[in-house]
Amino acid sequence: MSPDELLYSKEHEWLRTGDGVIGITHHAQDELGEVVYVELPKVGDKFDSGDTFGTVESVKAVSELFMPVSGEVVAINEGLTDAPESVNQDPYGKGWMIRIKVRDTAETGQLMSAKAYDAYVAEKE
Amino acid sequence: MSSNHQRTGSHFQITERLVFEEGSPGRRGFDLPELDVPRKDVATVIDPSLLRDGIAGMPELSEVDVIRHFTRLSTWNYHIDLGLYPLGSCTMKYNPKINERVARLEGFALAHPYMPAELIQGALEVQKTLETCLAQISGTDAVSLQPAAGAHGELTGILMIRAYHQSKGNPRKKILVPDSAHGTNPASVTISGYVVENVPSDRRGMVDLEHLKKVVDQDVAAIMITNPNTLGVFERDIAEIAELMHSRGALVYMDGANLNAMMGITRPGDFGIDVLHINLHKTFTTPHGGGGPGAGPVAVKKILEPFLPYPTVGRQAGGNYFFDHDRPQSIGKMKAYNGQFGMHVRALCYILANGPEGLKEVSEVAVLNANYIRAKLKDAYAIPYDSPSLHEIVFSDRIQARKDVHSGDIAKRLIDYGFHPPTVSFPLIVPGALMVEPTETESKQEIDAFIEAMLAIAKEAEENPEIVKSAPHSTRIGRIDEASAARKPVLRWRPE
Amino acid sequence: MLAAIGLESIDQLFSGIPEKLRLRRLLDIPRALTEPELLDYFKDRAARNAADYVSFLGAGIYRHHIPIIIDALISRSEFYTAYTPYQPEIAQGTLQAIFEFQTYIAQLTGMEVANASLYDGSTGVAEAMLMAQRISRKNKFLVAKTVHPEYRAVMDAYARNLGIEIQLIDYTAEGRVDMAQVERALGKDVAGIVVQSPNFFGTIEDTALISDLAHRHDALSIINIAEAVSLGILKPPRDADIVVGEAQALGVPMSFGGPHVGFLATRDRYVRQMPGRLVGMGKDYSGKRAFVLTLSTREQHIRREKATSNICTNQSLCALMSTIYLATLGPVGLAEVCEHNILKTDYAVGQIRSQTPHRVLFPAPRFNEFVVQLDDRYASRVERLMQNNIVPGLDLSRFYPELRNTLLVCVTETTRKDQIDALVKGLA
């Protein structure tokens, strides 16, 4: 069950609307397997919704990270350099990836609630 | 294990540290003759600021130290001389010993490519003869032996396609690549400056001709097709695909990785291929060497001949061979000198050892062996595409996955039964793929033992999945924590 | 076996191939030869290559003594008939040997990390250029004219369709890269500068100076080493960003140009932009030291069209030859080999200067090659030497039309004094 307080994209990213923090979902980390490397953008980079803002790698797979909404990067999770496994262990907490300043809060309307996301994942499987 | 004779047993072996942790100062494994010119201090010849002070961490060893070190390491490897190596798409066949002997003849091993042509006639003749044989086997008109490996041949071939289109005024933009293709195909396309467009396979596991009719336009430079494809299936519509491409001004590249299925049976040039690369280390028995050197000659039809990399090997009217550098439309040089010559000698030796009847028989037996395995394992392992197999067969782990046993586990468990695993996780269109290519060099006994092992593992997956999931149990080291190795990569030794 | 499959004839195995595409005749290749015939055939061809000539050819392929134990070890089936080490549990021998190669190359080049090897020096330099393009996101390269001309040709072939611009940099009368010209050409748009040392004329470049200049202009310094034995005594290009080259000189037969073995070394921070395989040291789940192919997500089998390179494999067996060579010689033996190369070359230069009318070009320090410019009787002098079974070197005008009547002469530890004297006499 995905946390209720977050919003979700079809590309399996989550967004915490309160402070603009973005990460990948439990389902996404599970599909990837053990995460070994996360490549993140620089603070100050600006992206549109749907843009690639980084990549996440497991031993034998690479996935691109997509912006759930448009915005400017104001912080990145430096802790992932030394401990990329946080993405597996705590995807909604220590495994967060970037914090952004959301450009247009109206865009969050395209995202899914926890319930809708869980149903979306269940349907895909 | 259910086998009536145990194939593997425990074996005496010795642990060995890194070479940097061995040896001791003052030991040496090699002496130079006395210096026969006046001795001077090197610092009087070369400014001391350009000289180094020692090489930190480099060990000093005796000859016996070196021999023991690498011999001990060698005993930790599986290899084709030990047993069946059923890696699909890799064509792991026996490497005849005579290949090694003739490649080491001094006249070849000590030849320098900048020797005047009259002093390297033998080497040039070997290259020319191999070119002629490969052109005949592939049904093409000209061959360059320059590419160093299969992927390098792909790059060479695509650059020639680009030069061809360029000569017509428009290089075009895209290359079509089926989703079943090897990863080198799209990567080679990208570094040729083209964009990859994936084409889906149809239910037969073949390229979908109807789909192609819709997508081939003026932007498409070529299709890059593997035939037989990575499912071991002959592309039944290949001639029609080639015709379609040609009718729209595009060319057809063939990845020749699977040539072992068709020598003397059918020829790429005859079914419409314009250019292909040939892996000498697969079909033509040059050894894999633990990951190279390979060799990937490209073979082309007449229309692409002007674009071959230079030099080509020419022959004068008087019968003398020479390197022909005068190739104004050439794509240039893909590698210094003219390719992996030592591999050319071995490949020619193999071709001459087999002759026309022998090569045909090679393909026949390779296909027979694969189909025998298919027939014997088809009830125990799922076959996702039921089109007829040629030299290899792709199973999936669908039946075993119900017990959470996956292709990687089955692969590791095979090691306990004394076999190298088949190719897993490829092709990408088959989830949980197990791709088996026995090759023609295996006896029925060896193949039967493999089948028995595969059946035993299928049974274990049902009854005792844990033993499969935790395999291998009989090796020096167990499964490796690859995630930790990748998170904090240690890529060299450093003194403590 | 056919019966088990449910077929009656071999031909039925090929029912998936449309009949119109079947070849219904035998291939037109020579008939099969037996083992004695094969030996005769190849011995005859090998004999038509002049192995018994005294050769002063180098130019990227070097004749050094190859200790016998190398061939004994690499002839073990366990090494040469194994596949790429994808299954680490049964490929630790190959994996550890590659890890040792990586370490040796890092030690020799003064870099932090080296890959598992590339095809050769020429494709290696081209790969280094693409790597620098990825790191810098810039497209222009300054390349010294004294980089091996065939390497430059390969760089051209790779660069042509990727929007890369190559500007050549001249050499000075000293035989080194023209630093003033480099300085003028450096600008914001330059991704990197590529210099070979010892360069194609055998002259040793001051790589520290070159790297420093590159870095002052925010460009990467790429140093190419075609004669890897030289690293046994010359200061390694520690300040470079990428050191790339050819390791044939380290124990690999000349073999008419291949197979040889390329290497590429760099700094830790660029490791994810490297092409080619990498072996890492780790542990198995019981804690035992183990080696495994790692950082594979850079590679084509995972990243496909977005991979750092299309390269699929390395030159494992040749890398093994170099590893055994270095283990056998050790730091002392390698330095001695270097010393012999330098002193014999110095002797040859001195004899040509004092005993012949010809000019030795380029006064900068050299390792084991030098350039000698003959008078107008060039052709007849070379001809006469050839009649005496001496190949005096490479005619440089083939690659440098401005250098008429010049020979690039290579002298290694395998060249005897009497052979040098015979060359000098022939030139006198």
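The values are calculated or read from the model by the stated rules, or taken from the named source; none is laboratory data. Bear in mind that the values here come from a model prediction, so they are computed numbers and not experimental data. Every residue, glycine as well, gets a Cβ built from its backbone with ideal geometry; the counts of neighbours run over all protein chains shown.
Does the range A:109-120 contain at least one residue that is out of contact with any His (no Cβ under 7 Å at 6 or more places or on another chain), part of a loop (DSSP other than H, G, I, E, B) and within 30 Å of residue B:428 (Cα to Cα)? There is no residue in the range A:109-120 that is out of contact with any His (no Cβ under 7 Å at 6 or more places or on another chain), part of a loop (DSSP other than H, G, I, E, B) and within 30 Å of residue B:428 (Cα to Cα). Restricting C:377, C:381, C:398, C:404 to residues that are facing chain B (nearest Cβ under 10 Å) and of a type in the set (D, E, K, R) narrows the list to C:398.
Residues of the range B:308-329 that are surrounded by fewer than 21 Cβ atoms within 10 Å (Cβ to Cβ) and in contact (Cβ under 8 Å) with a residue 24 or more places away in the chain: B:311, B:315, B:320, B:322, B:323, B:329. For the range C:56-76, the tally of residues that are among the aromatic types (Phe, Trp, Tyr) and more than 15 Å from the chain's Cα centre (by Cα) stands at 1.
Within the range B:153-170, the residues that satisfy the criterion of being at the interface with chain C (Cβ under 8 Å from one of its Cβ atoms) and either in contact with a His (Cβ under 7 Å, 6 or more places away or on another chain) or among the aliphatic types (A, V, I, L, M) (or both) are B:154, B:155, B:159. Would you say residue B:451 is within 27 Å of the chain's Cα centre (by Cα) and not assigned by TED's automatic domain parsing to the domain that holds residue B:17? So residue B:451 passes the test.
Scan the range C:154-194 for residues that are within 14 Å of chain B (Cβ to nearest Cβ), surrounded by 15 or more Cβ atoms within 10 Å (Cβ to Cβ) and among the aliphatic types (A, V, I, L, M) and jot them down. Of everything in the range C:154-194, those that are within 14 Å of chain B (Cβ to nearest Cβ), surrounded by 15 or more Cβ atoms within 10 Å (Cβ to Cβ) and among the aliphatic types (A, V, I, L, M) turn out to be C:154, C:155, C:157, C:159, C:164, C:166.
For every residue, the table says whether it meets (1) more than 8 Å from every other protein chain (Cβ to nearest Cβ); (2) surrounded by 17 or more Cβ atoms within 10 Å (Cβ to Cβ); (3) not in a helix (DSSP H, G or I).
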position: B:23; (1), (2), (3): no, yes, yes
position: B:38; (1), (2), (3): no, no, yes
position: B:55; (1), (2), (3): no, yes, yes
position: B:70; (1), (2), (3): no, yes, no
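Conditions tested, residue by residue: (1) in contact with a strand residue (DSSP E or B) (Cβ under 9 Å, 6 or more places away or on another chain); (2) more than 7 Å from chain C (Cβ to nearest Cβ); (3) of a type in the set (Lys, Arg); (4) touching a residue at least 24 places away in the same chain (Cβ under 8 Å).
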site: B:43; (1), (2), (3), (4): yes, yes, no, no
site: B:50; (1), (2), (3), (4): yes, no, no, no
site: B:87; (1), (2), (3), (4): yes, no, no, yes
site: B:92; (1), (2), (3), (4): no, no, no, yes
site: B:101; (1), (2), (3), (4): no, yes, yes, no
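From the list C:411, C:391, the one residue that fits, being among the β-branched types (Val, Ile, Thr), closer than 30 Å to residue B:41 by Cβ and at pLDDT 95 or above, is C:411.
Considering the range B:413-428, the residues that are within 21 Å of the chain's Cα centre (by Cα) and in a loop (DSSP other than H, G, I, E, B) include one that is surrounded by the most Cβ atoms within 10 Å (Cβ to Cβ), namely B:422. In the range B:139-251, counting only helices (runs of 4 or more DSSP H) that sit wholly within it, the ones holding 2 or more residues that are surrounded by 18 or more Cβ atoms within 10 Å (Cβ to Cβ), over 20 Å from the mean Cα position of the chain (by Cα) and in the same structural domain as residue B:302 (by TED's automatic domain parsing) span B:150-167, B:238-247. Assuming residue A:110 fulfils every condition listed in (1) crowded, with 20+ Cβ neighbours inside 10 Å; (2) at pLDDT below 95; (3) not basic (Lys, Arg) apart from one, which condition is it? Unmet condition: (1).
Scanning the range A:1-19 for residues that are buried (at least 19 other Cβ atoms within 10 Å of the Cβ), in contact with a Lys or Arg (Cβ under 9 Å, 6 or more places away or on another chain) and in a loop (DSSP other than H, G, I, E, B) yields A:2, A:6.
The residue list B:402, B:374, B:398 contains one member that is touching a strand residue (DSSP E or B) at 6+ places or on another chain (Cβ under 7 Å), more than 12 Å from every other protein chain (Cβ to nearest Cβ) and of a type in the set (Lys, Arg), which is B:398.
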